[in-house]
């Protein structure tokens, strides 16, 4: 069996289950997870190598590794292993993986997920962890063998950045439909669910304002927010100021299984993402896909890759970004019509089966790997 290195600096982060899900769905390639820091446990039976096992890494050592693109630490970890290719997740990792791939003599595949294709150059340079990527992105475009994009929107973005069209293609990671069964109608409760890191790009404040507008008309409905981030305190303060503190629950970051359990209880899921001033934009949105796979209708903003996951008026609704009134209007329609929610949910599940099934998409990924290796 061939071996593929799955390269991510921060392995097994709670907010990124899709990387390991794709790796574990490989059937003809054995994944080896390689990174700088291991934030969580590897999938059962999987092999992973990391320079450090926790995020509590000495600052000086972390800084040295950030400033250095030397492949030496990773070569030491790999020992005498001879992988067939490296698959880096995020453009940042692609830049760091380039010298490692060169030393190993294997091709490099890089998947772009969002900020790595949309964030402005000043935005990248403002973060020390992304500066090397900002400065080395052109080299990655020249030397990387293949660039996969989590949405068509991201493919267009990286082409605008100078990545060659002939080596850039869309590949939806997909969702594990074998693990996510459609929920029964009676499982749904009067819950609006929002799953996101609490950062500006997620547009959470506009959902709070829309909920405040519709709350008097739907007194039994609650807003449940799963996720952590720097905006949490401000959002909690706004909820309290609106007199909705008892109807808005902030659960913080939760395990993936808990998130999926909340989706089964939700009347609908809302993805109110925005374009930030720095250019950051939603690449696609795994929470959106998992909700649809569960049979839950989704309302999302007309930004980034979100329209690729929602068929407006068929599986859910699309609304203008940063428009609480427009969002409130669609919330009213969906909350007031159980039959519409059922139809949207069924159509969303069908869309996931047809376009976003993890098993099918991973088989396509292995065919991509095969073609890349055959070409060499």
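The values are calculated or read from the model by the stated rules, or taken from the named source; none is laboratory data. Worth saying up front: this structure is predicted, and the values here are computed from it rather than measured. A quick note on method: Cβ atoms are made from the backbone with ideal geometry, for glycine too, and the neighbour counts reach across all protein chains shown.
A quick yes/no check of all residues on (1) buried (at least 20 other Cβ atoms within 10 Å of the Cβ); (2) under 25 Å from residue 112 (Cβ atoms):
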position	(1), (2)
281	yes, yes
285	yes, yes
289	yes, yes
307	no, yes
315	yes, yes
320	no, no
326	no, no
Quick one: which of 177, 193, 223, 198 is under 23 Å from the mean Cα position of the chain (by Cα) and closer than 23 Å to residue 277 by Cβ? 198
Taking the stretch 112-170, which residues are under 21 Å from residue 85 (Cα atoms), crowded, with 17+ Cβ neighbours inside 10 Å and under 18 Å from the mean Cα position of the chain (by Cα)? 112, 113, 147, 148, 149, 150
Checking 189, 236, 213 in turn, the sole residue that is free of Cβ contacts under 8 Å to residues at least 40 places away in the same chain and either part of a helix (DSSP H, G or I) or within 22 Å of residue 330 (Cβ to Cβ) (or both) turns out to be 236
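Residue by residue, here is whether (1) part of a helix (DSSP H, G or I); (2) on the phi > 0 side of the Ramachandran plot; (3) in contact with a strand residue (DSSP E or B) (Cβ under 9 Å, 6 or more places away or on another chain); (4) in the same structural domain as residue 200 (by TED's automatic domain parsing) holds:
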| residue | (1), (2), (3), (4) |
| --- | --- |
| 87 | no, no, yes, no |
| 96 | yes, no, yes, no |
| 110 | no, no, yes, no |
| 129 | yes, no, no, no |
| 140 | yes, no, yes, no |
| 155 | yes, no, yes, no |
Quick test of your reading of the structure: residue 191 fulfils all but one of (1) in the same structural domain as residue 255 (by TED's automatic domain parsing); (2) crowded, with 22+ Cβ neighbours inside 10 Å; (3) in contact with a strand residue (DSSP E or B) (Cβ under 8 Å, 6 or more places away or on another chain). Name the failing condition by number. (2)
Quick one: what pairs do we get from the stretch 158-177, first residue in contact (Cβ under 8 Å) with a residue 12 or more places away in the chain, second assigned to a loop (DSSP other than H, G, I, E, B), C-beta under 6 Å, 6+ apart or different chains? 172/356; 174/356; 175/356
Residue under evaluation residue 135, criteria (1) more than 21 Å from residue 274 (Cα to Cα); (2) assigned to a helix (DSSP H, G or I); (3) modelled with pLDDT of 95 or more; (4) touching a helix residue (DSSP H, G or I) at 6+ places or on another chain (Cβ under 9 Å), criterion not met: (3)
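Per-residue answers, yes or no, for (1) under 29 Å from residue 123 (Cβ atoms); (2) in contact (Cβ under 8 Å) with a residue 60 or more places away in the chain; (3) outside the structural domain of residue 190 (by TED's automatic domain parsing):
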| residue | (1), (2), (3) |
| --- | --- |
| 272 | yes, yes, no |
| 279 | yes, yes, no |
| 282 | yes, yes, no |
| 286 | yes, yes, no |
| 303 | yes, no, no |
| 334 | no, yes, no |
